[in-house]
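Structure first, commentary second.
The values are calculated or read from the model by the stated rules, or taken from the named source; none is laboratory data. Quantities reported herein were computed from a predicted structural model and do not represent experimental measurements. For neighbour counting, all protein chains shown are included, and Cβ atoms are generated from backbone atoms with ideal geometry for every residue, glycine included. For the accessible areas, the whole protein counts, side chains as well, though only heavy atoms, and no ligand, DNA or RNA atoms are used. Shrake-Rupley method; radii C 1.70, N 1.55, O 1.52, S 1.80 Å.
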Amino acid sequence: MKRLLLYIVSLSLLSISLSAQGLKHTTSYTEGLKDAISQKKPMVIFMYGNNCPWCSRMEKTTLSNKEVVEYLNKNFVFVALNQDRGGFPKKYTPKGVPTTYIVNPENERIIYTMMGYKESQKFLSRLKL
């Protein structure tokens, strides 16, 4: 019960924080995939975990950076998934968090993987590859 409560609180806080920064996102893999296909945009899947200090730091800095948010909103469908919750294809199970995947929604292939915390400019430069 305690783990469920912790999960709900962490998911809610991440979702509220990302929304407050203006980052359009979903916490559902299926919904993100559907949106990416209909919008003809690649997906960025941000994998995070409960009690992950680097995930929180990336959320508060990189994913709150105005330039990063604008670029993500314009060019991608952003999906934030908690690795502790599941509900996503096994191939996206990260070796550690945070991990960010750029995914082709048409075939669900991983185009690029970023492991670990990335500061804003480095994250943005990798999105533009």
(request) Pull up segment 72-84, narrow it to residues that are outside any loop (DSSP other than H, G, I, E, B) and not aliphatic (A, V, I, L, M), then point me to the one that is nearest to Lys128 (Cα to Cα). (result) Asn75
(message) Quick check on segment 58-84: of everything there that is hydroxyl-bearing (Ser, Thr, Tyr) and open to solvent by 50 Å² or more (accessible area, probe 1.4 Å), which residue is nearest to Ile111 (Cα to Cα)?
(response) Tyr71
(message) I'd like to verify a number: residues in segment 94-129 that are surrounded by 17 or more Cβ atoms within 10 Å (Cβ to Cβ) and without any contact (Cβ under 8 Å) to a residue 40 or more places away in the chain, how many?
(response) 1
(message) List the helices (runs of 4 or more DSSP H) inside segment 1-71, counting only whole elements, that have at least 1 residues being at pLDDT below 95, polar (S, T, N, Q) and out of contact with any Phe, Trp or Tyr (no Cβ under 7 Å at 6 or more places or on another chain).
(response) 2-20
(request) Identify the residue in segment 72-88 that is more than 10 Å from the chain's Cα centre (by Cα) and farther than 21 Å from Ser38 by Cβ and, among all such residues, is modelled with the lowest pLDDT. (result) Gly86
(message) Given (1) outside any strand (DSSP E or B); (2) surrounded by 14 or more Cβ atoms within 10 Å (Cβ to Cβ), identify the lone condition not met by Gly87.
(response) (2)
(message) Looking at Thr100, Thr93, Thr113 in this structure, which one is among the polar types (S, T, N, Q) and in contact with a helix residue (DSSP H, G or I) (Cβ under 8 Å, 6 or more places away or on another chain)?
(response) Thr100
